[in-house]
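Here is the structure we will look at.
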Amino acid sequence: MQVTLVQGDITAQQVDAVVNAANSSLLGGGGVDGAIHRRGGPAILAACRELRASHYGKGLPTGQAVATVAGDLPARWVIHTVGPVFSPAEDRSHLLASCYRESLRVADELGATSVAFPAISTGIYRWPIDDAARIALGAIRSAPTQVTDLRFVLFTPDAYGVFERTLGTG
Ligand code: AR6
């Protein structure tokens with residue numbers, strides 16, 4: 001598996017699947033989630049509503065992942081995963097690692113071999129970027145997957161720099 005870092009907007013990535021840093025409702029939000037729904041158009045929200053009406057009546061639990069169509073995005077699928085909200089009082093690292101592992105498991109089920117990830121939980125959910133990069137890279141390295149092209153798409157130069165350093169030292 002080749003791991004690459006990209007600085008930019010995840011919605012522009014030409015990959016089989018882009019991962020969305022969603023919330024349990026699957027019905028949209030800000031950050032990456034807002035950008036994916038805006039650029040991808042209403043087909044994604046319609047697919048999410050169907051998931052809520054069928055398998056995920058109570059929402060998608062934290063640490064799990066599920067796929068939908070990608071609407072107008074260049075990707076074929078969106079893999080929605082729900083990161084944990086950072087807590088200084090409770091170690092939720094296993095849930096953050098689970099987002100990466102479960103997203104790759106869903107990618108394998110789809111037959112997606114190129115996947116773009118955002119830095120899950122590091123925005124609205126406030127996870128410190130250094131720690132999140134360490135957990136993300138550790139999780140994808142140890143995951144059994146058929147994905148051959150894995151990209152982390154970092155929105156800011158700072159986040160890119162942190163992932164670059166962590167990739168170099170990990
Ligand atoms: N492309 C790539 N990265 C981005 C983009 C983009 N277009 N936009 C933001 N980022 P966040 P979370 C970065 O907040 O912390 C939503 O409301 C951002 O700088 O998108 O997991 C959901 O519905 C940060 O580094 O996700 C949930 O309620 C990273 O992506 C909640 O936010 C993740 O930030 C999830 O919060």
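Taking only Cα atoms, what is the 0 to 90° angle, nearest 10, from helix 157-169's long axis to the longest principal axis of the chain?
60 degrees
Counting only residues 5 or more places away or on other chains, whose amide H sits under 5 Å from the amide H of residue 67 once H atoms are built in the peptide plane?
80
By how many degrees, 0 to 90 and rounded to 10, does the Cα axis of helix 93-110 deviate from the longest principal axis of the chain?
Taking the Cα atoms of the chain, the angle to 93-110 is about 60 degrees.
Across the range 3-19, in residue order, what do the Karplus-derived ³J(HN,Hα) couplings come to in whole Hz, using 6.51 cos²θ - 1.76 cosθ + 1.60 with θ = phi - 60° and x for Gly and Pro?
10, 10, 10, 10, 9, x, 9, 5, 5, 8, 6, 8, 9, 5, 9, 10, 9
Over the range 2-169, with every protein chain in place, what whole percent of the accessible area is carbon and sulfur at 1.4 Å, could you tell me? Spell out each step's value before the answer.
On the way: 4010 of 7760 Å².
The nonpolar share, carbon plus sulfur, comes to 52 percent.
Which order do the peptides 99-109, 139-149 come out in when sorted by mean C-beta neighbours inside 10 angstrom, highest first?
Values: 99-109: 21.8, 139-149: 15.3.
Put in order of decreasing packing, that is 99-109, 139-149.
Mind checking which of 86, 139, 4 is farthest towards the positive end of the chain's charge dipole, using Cβ charges of +1 (Lys, Arg) and -1 (Asp, Glu) about the Cα centre?
So the residue we want is 86.
Can you give the charge dipole size of the chain about its Cα centre, rounded to the nearest 20 debye, using +1 on the beta carbon of Lys and Arg and -1 on the beta carbon of Asp and Glu?
Details: 14 positive and 15 negative charges, 47 e Å.
Dipole size: approximately 220 debye.
For the chain, give me the percentage of DSSP beta bridges that are antiparallel, rounded to the nearest 5 percent.
Values: 5 of 23 bridges.
Roughly 20 percent of the beta bridges in the chain run antiparallel, per DSSP.
So what's the angle, to the nearest 10 degrees on a 0 to 90 scale, between helix 31-40 and the longest Cα principal axis of the chain?
Taking the Cα atoms of the chain, the angle to 31-40 is about 40 degrees.
How much length would be gained if the chain were fully extended between residue 25 and residue 108, taking 0.36 nm per residue of separation minus their Cα-Cα distance, in nm to one decimal?
Numbers: separation 83, 0.36 × 83 = 29.88 nm, distance 2.40 nm.
Contour length minus the Cα-Cα distance gives 27.5 nm.
Name the long-range amide H neighbours of residue 151: under 5 Å, sequence gap of 5 or more, or other chain; modelled H, no Pro or chain starts.
Distant-sequence amide H within range of residue 151: 4, 115, 116, 117.
In Å, the Kirkwood hydrodynamic radius of the range 2-169 over pairs of distinct alpha carbons? Show your work: numbers first, answer last.
Values: mean 1/r = 0.0644 Å⁻¹.
Answer for the range 2-169: a Kirkwood hydrodynamic radius of 15.5 Å.
Might you tell me the accessible area per residue for the chain, computed with a 1.4 Å probe and given in Å²?
On the way: 7940 Å² over 170 residues.
Per-residue value: 47 Å².
Give the long-range amide H neighbours of residue 75: residues separated by 5 or more places, or on another chain, with amide H under 5 Å away, using H modelled in the peptide plane at 1.01 Å from N.
Excluding prolines and chain starts, which carry no amide H, the hits are 15.
The values are calculated or read from the model by the stated rules, or taken from the named source; none is laboratory data. Worth saying up front: this structure is predicted, and the values here are computed from it rather than measured. Cβ atoms come from the backbone with ideal geometry, glycine included; neighbour counts cover every protein chain shown. Ligands, DNA and RNA are excluded from the accessible area calculation, which covers all protein heavy atoms including side chains. Shrake-Rupley method; radii C 1.70, N 1.55, O 1.52, S 1.80 Å.
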